[in-house]
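Novice: Shown below is the structure under consideration.
The values are calculated or read from the model by the stated rules, or taken from the named source; none is laboratory data. The shown structure was predicted, so the numbers you read here are calculated from the model rather than taken from an experiment. Note that we place each Cβ from the backbone using ideal geometry, even for glycine, and neighbour counts take in every protein chain shown. We work out accessible area using only protein heavy atoms, side chains counted, and drop any ligands, DNA or RNA first. Shrake-Rupley method; radii C 1.70, N 1.55, O 1.52, S 1.80 Å.
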Amino acid sequence: MFDKGKINYWHLLLILVVLIAILPILFMVSNSFKTLRDSYNTMLSLIPLRPTLNNYLMLNRQVNLLTLTWNTFLMAAIVTIGKLLTGLLTAYAFRSYRFKGKMFVYLIFVSTIFVPFTIIMIPNYLVIAKLNLLNNVLGVALPQLCDATGIMIFLKTMEKIPNTLIDAAKVDNIPNRKIFFNIVIPILKPSIVSVGAIFFINSWNEYVWPTLILKDKASFTLPLALQNYISSEGGTNFPLAMALSTIMVILPLIIYLIFQKYILNSISTSGLK
Amino acid sequence: MHNKNKRILPFLYLLPTAILLLVFMIIPIIYTFYLSFFDWNLIAPTKEFVGFKNYIDVFIDPINQKVILNTIIYIVFLIILNFLIPYFISLIVKFFINKMQKTYKILFFIPSLFSLVVGAMIFTWMLNPVSGPIAFILKNIGISMPNWSNSGILAITVICFITNWKVFGYNFILLLTGLGSIPQNIIDAAKIDRIPKWRLIFNVVLPMNRGISVYVLILTIVQGLQYVFTPINVITTGGPYYGSSNMIYQTYLNAFVLYKTGTSSALAIVTFIIFLILLFIEIRFVEGRSDKYV
């Protein structure tokens, strides 16, 4: 209000922040369409001098993009569905029942956020190896099928459902299972969509745990395949790596563009991380 | 019959989560604790009991001491980059501009969609001291860029900056939301009384926003130390000479590169204890009021 007619100089700072966020991405896309020589000779220009699809074609010859994408998708889908199901069931139990030790169980769930992955990685690695699930995306997914942030968000949303609604259903002798699927789930749809989207994107990009479980190239997910393009195997082909990076972000970007409103709102209401 | 059902039902709903937590979290924690008292190499059929030796190693081994010091440096950098700067920017977006708030939110969040492997690769290219664009620009104005991967502290700076690129939008939105829950009439009243904005912020806004900011601050430390694993592993693998390693990365190195599960487990337990202290602080400040489940 006070700034009417004047330029608000704070926008300059904010635009600088936007540039730091977005410029690397533009360079990524631009380099993926540059020849190896141009990526060095014209490194400051965002528009490729001689745009080429060669990087994508070469990538397609070097790795099996279809298998990589499928592995990544399968892993992310299993993890997402698992986390949503366990999260919804657990939150519903907290929302609808009184039982002994409720606070204690809740605190245990919340505190799992503070468990560093390093403290569980050796035993979990041994278990996955025993189950013969090394080099299998199932082995990556299995230890991560529940997530405390999901439980917390669903619980917060469920608490907004008026008691009278659920009590009315109970008076009508509607079984609990039906209350859960026909009343609670539909009301929670927006948070299921947004939490699911974030679970999926995070799992799609996951790196640490998959590097321990997936050693065989045929079982690789996209981030692991990308890491293979770093120097150790002799000289980084940067445009090629950027082509793979660009392919990798397409699906998360589509999900974000479709559900952007839900996703940002859900972070706001809950502190999902 | 009906009554009995009602008693069992909540536990049925909790069962999948409980089993998963037990098998993949609680038992593993106990097992890691057990392993921390033994020398083992992940493969050998026997483990050798060594008492507290692994814990003593964590604190007297010079490499581990360096790594603990690095961890503190990481925490300081992460707090500045991933907490203080997003907090400052969210205050500006909330109180100092009137337009475009939503656009900034949408744009700031985009890097969160990227894998840290991608971020690590792009920034390694941009910051390449010999052939990168930033070195090129600096050279043209007569500054030579330091070879940051040869210096532990510079490598740590770059690694923290890369994670900042990814999580900035997230933390920004969380902190902005916290600011949004401050009642508008308080802010309006301050405007009418012509109280300067910075005084309003320091005396009213920051204290009122304490809950969510402590939450973001602690998550910044706990998750940040784990997020930096990816750029460390992709760019420096902990080098030069453990100069950019932290306790999380060192735990991994000991377990899966050096095959010293004992040292690894002791490091993991110490990390966990530090995180538990942070959890305790979080409960005091943030969850403290949610006594509704008692």
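Novice: Look at the stretch B:214-224 and say how many of its residues are open to solvent by 10 Å² or more (accessible area, probe 1.4 Å) and either within 10 Å of chain A (Cβ to nearest Cβ) or closer than 13 Å to B:Leu84 by Cβ (or both).
Specialist: Step one: list which residues in the stretch B:214-224 are open to solvent by 10 Å² or more (accessible area, probe 1.4 Å), which gives B:214-215, B:217, B:221, B:223.
Imposing the further condition that a residue be either within 10 Å of chain A (Cβ to nearest Cβ) or closer than 13 Å to B:Leu84 by Cβ (or both) reduces the set to B:215, B:217, B:221, B:223.
Residues that pass the stated criteria total 4.
Novice: It is to be established whether one or more residues within the stretch A:112-120 are more than 9 Å from chain B (Cβ to nearest Cβ) and modelled with pLDDT under 95.
Specialist: no
Novice: Among the residues of the stretch B:123-163, write down those that are within 27 Å of B:Leu217 (Cα to Cα) and open to solvent by less than 20 Å² (accessible area, probe 1.4 Å).
Specialist: Of everything in the stretch B:123-163, those that are within 27 Å of B:Leu217 (Cα to Cα) and open to solvent by less than 20 Å² (accessible area, probe 1.4 Å) turn out to be B:Phe123, B:Gly152, B:Ala155, B:Ile156, B:Val158, B:Ile159, B:Cys160, B:Ile162, B:Thr163.
Novice: Looking only at the stretch A:1-21, filter to residues that are assigned to a loop (DSSP other than H, G, I, E, B) and either surrounded by 10 or more Cβ atoms within 10 Å (Cβ to Cβ) or of a type outside the set (Gly, Ala, Ser) (or both); which one of those is modelled with the highest pLDDT? Can you show your working first?
Specialist: If we filter the stretch A:1-21 for residues that are assigned to a loop (DSSP other than H, G, I, E, B), which is where we start, we get A:1-9.
Subsequent filtering for residues that are either surrounded by 10 or more Cβ atoms within 10 Å (Cβ to Cβ) or of a type outside the set (Gly, Ala, Ser) (or both) retains A:1-4, A:6-9.
Details: A:Met1: 46, A:Phe2: 50, A:Asp3: 49, A:Lys4: 53, A:Lys6: 65, A:Ile7: 71, A:Asn8: 81, A:Tyr9: 86.
Ranking the qualifying residues of the stretch A:1-21, first place goes to A:Tyr9.
Novice: Can you name the helices (runs of 4 or more DSSP H) wholly within the stretch B:51-112 that have at least 1 residues being among the charged types (D, E, K, R) and closer than 18 Å to B:Tyr242 by Cβ? Explain how you work it out, then say what you get.
Specialist: On the way: elements: B:53-60, B:62-78, B:85-95, B:101-109.
Answer list for the stretch B:51-112: B:53-60, B:62-78.
Novice: Another question, then. Please tell me if A:Leu133 is modelled with pLDDT of 90 or more, in contact with a helix residue (DSSP H, G or I) (Cβ under 7 Å, 6 or more places away or on another chain) and either aromatic (Phe, Trp, Tyr) or assigned by TED's automatic domain parsing to the domain that holds A:Lys102 (or both). So that I can check it myself, show each step before the final result.
Specialist: Values: modelled with pLDDT of 90 or more: yes; in contact with a helix residue (DSSP H, G or I) (Cβ under 7 Å, 6 or more places away or on another chain): yes; either aromatic (Phe, Trp, Tyr) or assigned by TED's automatic domain parsing to the domain that holds A:Lys102 (or both): yes.
So A:Leu133 fits the description; yes.
Novice: Name the residue that is most open to solvent (accessible area, probe 1.4 Å), counting only residues in the stretch B:11-43 that are part of a loop (DSSP other than H, G, I, E, B) and within 14 Å of B:Ser265 (Cα to Cα).
Specialist: The initial filter retains those residues of the stretch B:11-43 that are part of a loop (DSSP other than H, G, I, E, B), namely B:36-37, B:40-43.
If we keep only those that are within 14 Å of B:Ser265 (Cα to Cα) too, we end up with B:36-37, B:40-42.
Numbers: B:Ser36: 0, B:Phe37: 36, B:Trp40: 33, B:Asn41: 61, B:Leu42: 22 Å².
Among those residues, the one meeting the criterion is B:Asn41.
Novice: On to the next question. Which fully enclosed helices (runs of 4 or more DSSP H) of the stretch A:111-193 have 1 or more residues being among the charged types (D, E, K, R) and open to solvent by 30 Å² or more (accessible area, probe 1.4 Å)? First the steps, then the outcome.
Specialist: Working: elements: A:118-130, A:137-141, A:148-158, A:163-171.
Correct list: A:118-130, A:148-158, A:163-171.
Novice: Given the residues B:Leu84, B:Leu69, which is the only one that is among the aliphatic types (A, V, I, L, M), open to solvent by 100 Å² or more (accessible area, probe 1.4 Å) and away from chain A (no Cβ under 12 Å)? Walk me through it before giving the result.
Specialist: Numbers: B:Leu84 fails: open to solvent by 100 Å² or more (accessible area, probe 1.4 Å).
Residue meeting the stated conditions: B:Leu69.
Novice: Output the residues belonging to the stretch B:87-106 that are open to solvent by 50 Å² or more (accessible area, probe 1.4 Å), closer than 15 Å to A:Leu12 by Cα and more than 21 Å from the chain's Cα centre (by Cα).
Specialist: Across the stretch B:87-106, the qualifying residues are B:Asn98, B:Lys99, B:Met100, B:Gln101, B:Thr103.
Novice: Considering only the stretch A:61-74, I want to know if a residue exists there that is surrounded by fewer than 21 Cβ atoms within 10 Å (Cβ to Cβ) and facing chain B (nearest Cβ under 10 Å).
Specialist: Checked the stretch A:61-74: no residue is surrounded by fewer than 21 Cβ atoms within 10 Å (Cβ to Cβ) and facing chain B (nearest Cβ under 10 Å).
Novice: In the stretch A:28-48, how many are open to solvent by 40 Å² or more (accessible area, probe 1.4 Å), assigned to a helix (DSSP H, G or I) and touching a residue at least 12 places away in the same chain (Cβ under 8 Å)? Please lay out each step first, then the result.
Specialist: We begin by selecting, within the stretch A:28-48, every residue open to solvent by 40 Å² or more (accessible area, probe 1.4 Å); these are A:29, A:33, A:35-37, A:40-41, A:44-47.
With the extra rule that they be assigned to a helix (DSSP H, G or I), the set shrinks to A:29, A:36-37, A:40-41.
Filter once more, so that each one left must be touching a residue at least 12 places away in the same chain (Cβ under 8 Å): A:29, A:36.
Residues flagged as open to solvent by 40 Å² or more (accessible area, probe 1.4 Å), assigned to a helix (DSSP H, G or I) and touching a residue at least 12 places away in the same chain (Cβ under 8 Å) within the stretch A:28-48 amount to 2.
Novice: Next question. Answer yes or no: is there a residue in the stretch A:118-136 that is under 22 Å from A:Tyr207 (Cα atoms) and within 17 Å of the chain's Cα centre (by Cα).
Specialist: The answer is no; no qualifying residue exists.
Novice: While we're on this one: Taking the residues in the stretch A:240-259 that are surrounded by 17 or more Cβ atoms within 10 Å (Cβ to Cβ) and either of a type in the set (D, E, K, R) or closer than 30 Å to B:Ile221 by Cβ (or both) as candidates, determine which candidate is modelled with the lowest pLDDT.
Specialist: The first filter runs over the stretch A:240-259 and keeps only residues surrounded by 17 or more Cβ atoms within 10 Å (Cβ to Cβ), leaving A:240-249, A:251-252, A:255-256, A:259.
So of that shortlist, the ones also either of a type in the set (D, E, K, R) or closer than 30 Å to B:Ile221 by Cβ (or both) come out as A:245, A:248-249, A:252, A:255-256, A:259.
Numbers: A:Ser245: 95, A:Met248: 96, A:Val249: 96, A:Pro252: 96, A:Ile255: 95, A:Tyr256: 94, A:Phe259: 91.
Restricting to residues being surrounded by 17 or more Cβ atoms within 10 Å (Cβ to Cβ) and either of a type in the set (D, E, K, R) or closer than 30 Å to B:Ile221 by Cβ (or both), the top hit is A:Phe259.
Novice: Does B:Ala189 satisfy the condition of being small (Gly, Ala, Ser) and away from every other protein chain (no Cβ under 12 Å)? Steps first, please.
Specialist: Numbers: small (Gly, Ala, Ser): yes; away from every other protein chain (no Cβ under 12 Å): yes.
Yes; evaluated as a whole, the condition is true for this residue.
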